[in-house]
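I have placed the structure first, in the form of structure tokens, so that the comments after it can refer back to it.
The values are calculated or read from the model by the stated rules, or taken from the named source; none is laboratory data. All of these numbers come straight from a predicted model, not from anything done at the bench. Reconstructed Cβ throughout: ideal geometry from the backbone, glycine too, with neighbour counts over all protein chains shown.
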Amino acid sequence: MFTSYGYSTMIKVLLLCMGVSAAAMIFPFGAEIALLLLAAALLLFTLYFFRDPKRTAPDEKRIILAPADGKIVLVEKQAENSSGKASTLVSIFMSPFNVHVNRIPLSGKVTHLRYRTGQFLMAFDPKSMESNERMEIAINNREIEVRFSQVSGFLARRIVCQLQKGENVTIGKRFGMIKFGSRVDLILPPSATILAEPGQRTRAGETILARY
């Protein structure tokens, strides 16, 4: 029901809410009720944020899945590579109300893993793609390589990624999360047939973004 990535945060929030609830007893009745409601709302939102519903990857071959829940805000051709064909950037914006557990978009081997420090611009700001803190990841299955990044946002300042370079991963499996609103950017190779469309809602580990 809840992701293990959020256990430490949930415990801290629970303790905070318990402290606020205890302190509320010394205030007048109206203020006491307001503080209790505030503590309850904070705890409920935290539990809601760290929910981790079960997902089942489509039983299909040669597909690339969305690594994050959210809304596709950009589908854009990028500069041509050595083959003369352009790759495609697909950006998924995750609001604080989306499920934030990230999932593997493609079975294969982790060939690149790099953490980059940066700013904390709003995740929907186009500049965040280049300027924000991020974890860059690449997965290669000997037929195709997909690159994607977990990008922090104004509120999201904690990227969790449990992948290790060189490990083999399975499509649809959990690998991390970004806490409290963020985005995930994917670079899909020229050989991929893009199905993603701007404005489309995605479900991590279930929504097909492309075929190859």
- Considering only region 46-61, state which residues are part of a loop (DSSP other than H, G, I, E, B) and either surrounded by 13 or more Cβ atoms within 10 Å (Cβ to Cβ) or not β-branched (Val, Ile, Thr) (or both). Phe50, Asp52, Pro53, Lys54, Arg55, Ala57, Pro58, Asp59, Glu60, Lys61
- Query: What are the pairs, 6+ residues apart or on separate chains, where a residue within region 25-39 that is without any contact (Cβ under 8 Å) to a residue 24 or more places away in the chain and part of a helix (DSSP H, G or I) has its Cβ under 7 Å from a residue that is of a type in the set (A, V, I, L, M) and loosely packed, with under 14 Cβ neighbours inside 10 Å?
  - Reply: Glu32/Met25
- For region 62-98, what are the residues that are part of a loop (DSSP other than H, G, I, E, B) and modelled with pLDDT under 95? Asn81, Ser82, Ser83, Gly84, Lys85, Ser95, Pro96, Phe97, Asn98
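Scan region 75-92 and give yes if some residue there is farther than 23 Å from Glu145 by Cα and either surrounded by 18 or more Cβ atoms within 10 Å (Cβ to Cβ) or assigned by TED's automatic domain parsing to the domain that holds Arg201 (or both), otherwise no.
Residues of region 75-92 that are farther than 23 Å from Glu145 by Cα, as a first pass: none.
Looking for residues that are farther than 23 Å from Glu145 by Cα and either surrounded by 18 or more Cβ atoms within 10 Å (Cβ to Cβ) or assigned by TED's automatic domain parsing to the domain that holds Arg201 (or both), one finds none in region 75-92, hence no.
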- Being surrounded by fewer than 19 Cβ atoms within 10 Å (Cβ to Cβ) and in a loop (DSSP other than H, G, I, E, B) is the filter here, so list the residues in region 153-179 that pass it. Phe154, Leu155, Arg157, Arg158, Gln162, Leu163, Gln164, Lys165, Gly166, Glu167, Thr170, Lys173
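State yes or no: is Leu43 outside the structural domain of Phe148 (by TED's automatic domain parsing), of a type outside the set (Phe, Trp, Tyr) and surrounded by fewer than 17 Cβ atoms within 10 Å (Cβ to Cβ)?
Details: outside the structural domain of Phe148 (by TED's automatic domain parsing): yes; of a type outside the set (Phe, Trp, Tyr): yes; surrounded by fewer than 17 Cβ atoms within 10 Å (Cβ to Cβ): no.
Against the criterion (outside the structural domain of Phe148 (by TED's automatic domain parsing), of a type outside the set (Phe, Trp, Tyr) and surrounded by fewer than 17 Cβ atoms within 10 Å (Cβ to Cβ)), Leu43 does not qualify.
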- Residues being in contact (Cβ under 8 Å) with a residue 40 or more places away in the chain and basic (Lys, Arg): count how many of those fall in region 72-114. 3
- Message: If I filter region 40-63 for residues that are over 21 Å from the mean Cα position of the chain (by Cα), of a type in the set (Asp, Glu) and within 30 Å of Glu206 (Cβ to Cβ), do I get at least one hit?
- Response: yes
- If Ile208 passes every condition in (1) under 25 Å from Met10 (Cβ atoms); (2) in contact with an Asp or Glu (Cβ under 8 Å, 6 or more places away or on another chain) but one, which one does it miss? (1)
